[in-house]
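Trainee: One structure is given below, represented as structure tokens, and several questions about it will come after.
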Amino acid sequence: MAKVMLRQSEDRIYFYIAKKDMEETIEEIEFDSEEKWGGQVKLSNGETWWIKPAKKSLPKEEVCKKLLSD
């Protein structure tokens, strides 16, 4: 699990892990509505992470779990 900063700029959502100095964009997301946002997300580097689904409120800091990587 990692502490992640999620922020939105124009039409992109950025996924940043300070400890690794890694910033990627979210390419695919399981739940993408204002009321239920998150779930399984695929990043631009091919990694898949889990964000606990909740009401969309960005920017925010969230604890996320890495599932897969290419």
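The values are calculated or read from the model by the stated rules, or taken from the named source; none is laboratory data. What you see is a predicted model, and the numbers here were worked out from it, not measured in a lab. When we count neighbours, we look across all protein chains shown, and the Cβ atoms used for this are built from the backbone with ideal geometry, even at glycine.
Trainee: Which residues, taken from segment 11-28, are over 15 Å from Cys64 (Cβ atoms) and in contact (Cβ under 8 Å) with a residue 24 or more places away in the chain?
Mentor: none
Trainee: Can you give me the number of residues within segment 30-65 that are aliphatic (A, V, I, L, M) and surrounded by 15 or more Cβ atoms within 10 Å (Cβ to Cβ)?
Mentor: Result for segment 30-65: 3.
Trainee: Considering segment 10-20 alone, what residues qualify as being of a type outside the set (A, V, I, L, M) and either part of a strand (DSSP E or B) or at pLDDT 95 or above (or both)?
Mentor: Within segment 10-20, Arg12, Tyr14, Phe15, Tyr16 qualify.
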